[in-house]
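Everything below concerns the one structure shown next.
The values are calculated or read from the model by the stated rules, or taken from the named source; none is laboratory data. Note that the structure is a prediction, hence the values are computed from the model and not measured. For neighbour counting, all protein chains shown are included, and Cβ atoms are generated from backbone atoms with ideal geometry for every residue, glycine included.
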Amino acid sequence: MGVRKAVLPVAGFGTRVLPATKSIPKELLPVVDRPVLQYVVEEALAAGIEHIVFVTGRNKGAIEDYFDRAFELETSLEAKGKDAILSELKQTGLPPGASSFIRQQGALGLGHAVLCAKDVIGDEPFAVLLPDVIIKSGRSCLAQMVDAFDQVGGNMIAVDPVPEARVSSYGVIAPKSRNGKLIEMDGMVEKPAVSEAPSNLAITGRYILQADIFPLLESQGAGAGGEIQLTDAMARLMQLQAFYAYEFDGRPYDCGSKLGYFEAVLAHALDHDEIGEDVAALLQNIA
Ligand code: G1P
């Protein structure tokens with residue numbers, strides 16, 4: 001069966017960019033003229049995803065509104081003949097019935113957030129996209145993974161090399177053998193100490209998983225940071241089923257951190273049709 005559904009865990013507090021995220025969900029911080037989350041949803045849709053399951057928490061209501069129609073705003077723009085922005089606005093909505101919102105009642109970890117989507121996913125392979133990470137690429141990163149998944153099946157995670165000093169911020173894989181972009185693994189570990197990391201290939205926040213992950217998440221104890229870690233349950237699933245890492249084409253930006261967010265804004269501003277050239281000139285000026 002193909003990958004039709006995607007889980008987007010959007011319950012996190014955004015502590016690394018406080019106080020900006022005190023009353024705004026971190027997923028709605030703008031990167032130039034659209035929220036971080038929209039880039040991630042577009043990546044999922046470009047991969048053929050038909051239904052998005054948002055796992056939300058308290059104070060995240062603005063996310064639900066963002067993907068709904070904005071009737072008053074649209075009526076007012078229509079009356080003023082602002083057609084260009086109106087059509088752009090309409091593209092941000094998701095089709096009727098194509099999204100679900102589930103509350104995660106406590107910050108118990110990424111593994112727990114994914115488990116909250118169990119009933120909506122049912123018994124089919126599904127994608128997980130972490131909304132902190134925007135991936136700038138020609139072809140959508142998840143679409144690249146779906147192409148590979150359609151060939152080999154099993155389970156798959158996106159990986160990207162990071163500087164060794166930063167491995168302890170990520171899930172890290174132990175590669176065994178490589179066939180093009182596909183890597184077979186011996187294991188994976190969540191946030192290892194630099195001295196204990198099995199490689200510098202970090203898990204980038206894009207996953208395709210079989211529904212068999214759910215019973216493993218149900219029995220998964222707390223791991224790194226005292227949280228129920230998706231990586232720990234995946235390491236167990238890897239003992240039972242085919243599991244690949246996929247080194248994608250593209251550049252990830254971690255918008256959950258101050259520097260990553262700034263880099264994302266800069267990269268997207270420089271590439272923007274309307275302001276790109278001016279931004280490049282501005283940067284030269286400042287430098
Ligand atoms: C999560 C995952 C980690 C992954 C990272 C990517 O960690 O647990 O395996 O490498 O996202 O951004 P977090 O950044 O939520 O602590």
Residue count, region 161-189 (criterion: part of a strand (DSSP E or B) and in contact with a Phe, Trp or Tyr (Cβ under 7 Å, 6 or more places away or on another chain)): 4
Lys26 over 19 Å from Leu94 (Cα atoms) and buried (at least 21 other Cβ atoms within 10 Å of the Cβ): yes
- request: Mind listing whichever residues of region 94-127 are of a type in the set (Ser, Thr, Tyr) and under 13 Å from Val10 (Cα atoms)?
  value: Ser100
- line: Scanning region 275-285 for residues that are farther than 16 Å from Phe262 by Cα and either touching a Lys or Arg at 6+ places or on another chain (Cβ under 7 Å) or part of a helix (DSSP H, G or I) (or both) gives Glu277, Asp278, Ala281, Gln284, Asn285
message: Can you report the number of residues in region 139-160 which are among the polar types (S, T, N, Q) and either touching a Gly at 6+ places or on another chain (Cβ under 9 Å) or in a loop (DSSP other than H, G, I, E, B) (or both)?
response: 2
- line: Scanning region 192-218 residue by residue, the ones that are surrounded by 17 or more Cβ atoms within 10 Å (Cβ to Cβ), touching a residue at least 24 places away in the same chain (Cβ under 8 Å) and out of contact with any Cys (no Cβ under 6 Å at 6 or more places or on another chain) total 16
Selection within region 6-43 - within 16 Å of the ligand (Cβ to nearest atom) and in a helix (DSSP H, G or I): Thr15, Arg16, Val17, Lys26, Glu27, Val36, Leu37, Tyr39, Val40, Glu43
- line: For Val53, the lone unmet condition from (1) part of a loop (DSSP other than H, G, I, E, B); (2) touching a residue at least 12 places away in the same chain (Cβ under 8 Å); (3) over 23 Å from Asp271 (Cα atoms) is (1)
message: Out of the helices (runs of 4 or more DSSP H) lying entirely within region 203-274, which hold 3 or more residues that are in contact with a strand residue (DSSP E or B) (Cβ under 7 Å, 6 or more places away or on another chain) and within 16 Å of the ligand (Cβ to nearest atom)?
response: 230-237, 258-270
- prompt: Which of the strands (runs of 3 or more DSSP E) contained wholly in region 83-138 include at least 3 residues that are touching a Lys or Arg at 6+ places or on another chain (Cβ under 7 Å), aromatic (Phe, Trp, Tyr) and at pLDDT 95 or above?
  reply: none
